[in-house]
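These notes concern the structure reproduced below.
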Amino acid sequence: MTQQSALQTSKYIKPAREEKLFYKAAVFFLFSLFVMPQYFGIPTPLFDFTLLRMALILVFFMIIYDDERKNAFADMVLHSKLTLILVPYVLVLLYTMVLRADINAFLNPFLEIFSFYLLIYVIRDYLGVEKTLKYILVFLYLLTILGIIEYVMGRSPFSYLETIKGIYTGRFVRSGNYRIMSSCNHSLGYGLLLVAVTPIACLDYQKNEISLLRRPVLFLLLLINVFLTGSRSTLSVFIVEAVLIFILSSRVNKKKCILGGSVLIAGLAIFLVVFYRTKIAQYILLQFASIIDSVLGTQYSNIFGGSIEALGSSSNYRDQLKYIFKVDWLNPFLGIGRKRSFASEINGSFIESIDNFYIAEYVRYAYPGLITYGFFLICYLGGMIKKCLTDKAVYKVLMTGMACYMLNLLWVDSLQTLKYMYILIAIYICQQKNDDKVISDVKESKYIRKVTGKWG
């Protein structure tokens, strides 16, 4: 081998190794984003280096280190439709930060958006849509199995990783039952995670099919975890989600789901009858009864140890939330930012927290923030709905996950779970890019054949 040939070989091998290293960094970034808690990392006086932030920094520096990746990432950011849609919202974040002297009003959502862009890049250019979906399924198996272990332990296994103090919120109990929270900061946050990604468990990407029973074990694990969160809103939205997935399934898969669903319902009924007096059975019945009470105004939950007073208080609290738009002290054009805690008396009810993301976003960023972020959500949900008219099952799954996640936000704040919705949108953007490329390649091939009389 000549010296020149050896040099060429080494130049070829080095990039291959480096590309493999970047791929591993991308997987690490996805794992940190999806699985790891925000309280695991290195605390500093000025800025907490969570594992996700460390993964973000690693991937970003590997991008700017390589000219090809740097140019591709910059081109994506500058010429993306996403940037055009998000610019108004980012401007709201900026002036809120300045006028409220609140750096977190900008920094926290900006880091989420920045992670969003990195996610799009690594999925589009390295992981690919199909492999990303496979990784998410692996992560879901891990989280749902740990969720059952957590319920038995009475404590989140992720809590042992707490190195950054002040984020982990501790144990949540309802009616004497521990509520699982996984790696999230609240049981409701874990519920949002489950709602966002459950449809992915029902997708066969290769066969372009949707079925509730595509992965029956995983679906059962997801259902159990939903119950164990102890969240009425999560359970309600999950039921809606299952119905939507059923409707979007093929006729053959519908028949299989009816059979499988009948077996599941029968099995659950037998379990509740046999173990009626056990704590877990009473807990399951309490959740169903609470949903019925909320809709019909009945008092069935009282039979299973629920508090009618608490349910009534919760209902009254939610009725008062809409009056936040009318309070005199809140500037409709400039929100309070993020550093100030919310506390107000409205119609005789003292409200300290806002269990509605859209109202909470209004409090933080007023009408400009609510409108600009709402525009972003509507744009991509609308795009997914439009794509559902095609025969691509992946779009139907992504639309269901995003729509149900947004629906759940009517009853809870985002609780730092927007990243799971961003995963859905990132996959949508990358899948759309792949489809557009296929169409472009087909058109180009047809043009070449027409001109030359043969395939190029």
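Derivation of every value follows stated rules applied to the coordinates shown; laboratory data play no part. This one's a predicted model, so the numbers in the text were calculated from it and none came from an experiment. Quick reminder, even Gly has a Cβ in these numbers, built from the backbone with ideal geometry, and neighbours come from all protein chains shown.
Go ahead and run the numbers for FRET between residue 142 and residue 74, Cβ-Cβ distance against an R0 of 45 Å, rounding to 0.05. It would help to have the intermediate numbers written out before the result.
Numbers: r = 34 Å, r/R0 = 0.77.
Result of the calculation: an efficiency of 0.85.
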With axes computed from alpha carbons, what is the tilt in degrees of helix 308-321 against the longest principal axis of the chain, rounded to the nearest 10 within 0 to 90?
-> 50 degrees
For segment 128-236, with the dipole built from +1 on Lys and Arg beta-carbon atoms and -1 on Asp and Glu ones, taken about the Cα centre, which of 173, 147, 161 lies farthest toward the positive end?
-> 173
Separation of alpha-carbon centers, segment 148-171 and segment 53-89, rounded to whole Å = 33 Å
Residue order, fewest to most surrounding Cβ atoms within 10 angstrom, among 61, 40 | 61, 40
Principal-axis tilt of helix 393-408 within the chain, Cα atoms, nearest 10 degrees | 40 degrees
Dipole moment magnitude, nearest 20 debye, the chain about Cα centre, only Lys, Arg, Asp, Glu C-beta charged | 1260 debye
With label points set 7 Å from each Cα along the Cα-to-Cβ direction at residue 135 and residue 165, the distance between them in nm comes to 3.4 nm
Can you tell me the 0 to 90 degree angle between the C-alpha axis of helix 216-229 and the longest principal axis of the chain, rounded to 10?
-> 50 degrees
Using the count of nearby Cβ atoms within 10 Å as a rough guide to exposure, how do 163, 372, 400 rank from fewest to most?
-> 163, 372, 400
Give me the net charge of residue 181's neighbourhood, meaning all other residues with Cβ under 13 Å from the Cβ of residue 181; Lys, Arg count +1, Asp, Glu -1.
-> +2
Taking K and R as +1 and D and E as -1, what net charge do the other residues with C-beta under 11 Å from the C-beta of residue 119 add up to?
-> +1
Jot down the radius of gyration and Dmax of the chain, Cα atoms only, both in angstrom.
-> 24.3, 87
Stretchable slack from residue 99 to residue 239, in nm (0.36 nm times residue separation minus alpha-carbon distance) | 46.1 nm
Taking the Cα centre of segment 31-107 as the origin and placing charges on Cβ (Lys, Arg +1; Asp, Glu -1), which of 52, 36, 98 is farthest toward the positive end of the dipole?
-> 98
Convex hull volume per residue in cubic angstrom - Cα atoms of segment 368-436 = 85 Å³
Label-point separation, residue 61 to residue 19 (7 Å along Cα→Cβ), nm | 2.4 nm
Plugging the Cβ-Cβ distance of residue 295 and residue 258 into 1/(1 + (r/R0)^6) at R0 = 25 Å yields, to the nearest 0.05, a FRET efficiency of 0.55
Specify the longest stretch of the chain that does not include any exposed loop site, a site being one of the trypsin sites (Lys or Arg not before Pro) with a non-H, G, I, E, B DSSP assignment and at most 16 other Cβ atoms within 10 Å.
-> 1-154
Each label point is 7 Å from the Cα along the Cα-to-Cβ direction; what then is the distance between the points at residue 344 and residue 87, in nm?
-> 3.2 nm
The chain - percent relative contact order, Cα under 8 Å, separation 6 or more | 18 percent
